[in-house]
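For reference, the structure discussed in these notes is given below.
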């Protein structure tokens, strides 16, 4: 099995194997085709996998409240790999999501030895202004610092009661040399993801976390934690029925009564209740996800958290211009949103392409856009029109297009796009408005 490490710099290439090994489902077209104007990253298969996106889709279609949780690591400058996450968040904001953005200053200190003060400076001067420039609405979004949100830290401590060291070692590859601040960072991330379901922040509702595949360990841990803090499990049984199982030993009859009342309010009358087993079995087909959401509301009234397991989508990690992982720590690999025109030109013209070694071979054999960093720029960021993108792809494959022509086009579009982004950077008032207390 391939190990996934959220803090490594490796490139993941076999996404199919990762999906199979870690139980990630394919983000099929039937999941997104009914969404309003699906984003190009979704249409083009760059968002390739998911966990429990059906819950999000139902909330969108039924126009119910739902939330997005994303985060930023305040280390270095913002580049196009970061932008693609915010592009997705902006799309979901436009179709109704409540947006929460965590500044991962505790994680930055634990894993990269960046002080809280330095994290705040980087976030305020580099990331948050660009997030606003990319379309996050200060009226409908909130950015917060992990170190300043007590609910996140409190939940992290509480969650630690259900997580042992063996689980952390299995999930993250921790060993005896791992410092405890680093070990605590995943619990902080779980606090980030689940605190948006507290009453203070909008209550229990579906929550989506759009991430690269390297962040999946956090989602797996968080989904386990959310389930462990539920009063009831709602699941399919071996004989195909739906079972509702109460996990505690206190006040069993009354709490099963509460659930039975919910079932009858939903028009579900065919059921078999066995108090000795603390279970209710349904004799008819039912949407488990929808039922689970209704039961979670009962748990909140009963003093529980009622956390719904967070949903997630997974996008391909953007390759660096040199063919390695795009990283703020390797400037030659990335296009930064702050790069001036000449810097962009130099980086683009030195980028790895899928062209042949000579123009003659290019015309004879055609190029390989699948291996080209310039085509990846077109695919992820620069070309909106599907027909135009297809034409570039085909002309490269049949040898009609030269790498120099693509680089000139990419440079032109990139510099125009970056200029517009910089002109829209958030003002001090907008930054102040979007940062939550």
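Worth a mention:
- Those residues of segment 274-288 which are closer than 16 Å to residue 239 by Cα and either touching a helix residue (DSSP H, G or I) at 6+ places or on another chain (Cβ under 8 Å) or not assigned by TED's automatic domain parsing to the domain that holds residue 247 (or both), in sequence order: 280, 282
- Residue count for segment 107-128 under the criterion of being surrounded by fewer than 22 Cβ atoms within 10 Å (Cβ to Cβ), farther than 22 Å from residue 182 by Cβ and in contact with a helix residue (DSSP H, G or I) (Cβ under 7 Å, 6 or more places away or on another chain): the result is 1.
- Qualifying residue in segment 239-247 (condition: outside any loop (DSSP other than H, G, I, E, B), in the same structural domain as residue 19 (by TED's automatic domain parsing) and either at pLDDT 95 or above or in contact with a helix residue (DSSP H, G or I) (Cβ under 9 Å, 6 or more places away or on another chain) (or both)): no
- Residue match in segment 334-352 (condition: surrounded by fewer than 16 Cβ atoms within 10 Å (Cβ to Cβ), out of contact with any strand residue (DSSP E or B) (no Cβ under 6 Å at 6 or more places or on another chain), modelled with pLDDT under 85 and not assigned by TED's automatic domain parsing to the domain that holds residue 206): no
- For residue 338, the criteria (1) in a helix (DSSP H, G or I); (2) within 28 Å of the chain's Cα centre (by Cα) hold in every case but one, which is (1).
- Among residues of segment 363-379, those that are out of contact with any strand residue (DSSP E or B) (no Cβ under 9 Å at 6 or more places or on another chain) and crowded, with 19+ Cβ neighbours inside 10 Å, counted: 9
- Filter pass, residue 404 being more than 28 Å from the chain's Cα centre (by Cα), outside the structural domain of residue 37 (by TED's automatic domain parsing) and buried (at least 17 other Cβ atoms within 10 Å of the Cβ): no
- Scope segment 278-304; condition on the phi < 0 side of the Ramachandran plot, over 32 Å from the mean Cα position of the chain (by Cα) and either at pLDDT 95 or above or crowded, with 17+ Cβ neighbours inside 10 Å (or both); matching residues: 279, 280, 281, 282
The values are calculated or read from the model by the stated rules, or taken from the named source; none is laboratory data. What you see is a predicted model; the values in this text were computed from it and never measured. Cβ sites come from the backbone with ideal geometry, for glycine too, and all protein chains shown count toward neighbours.
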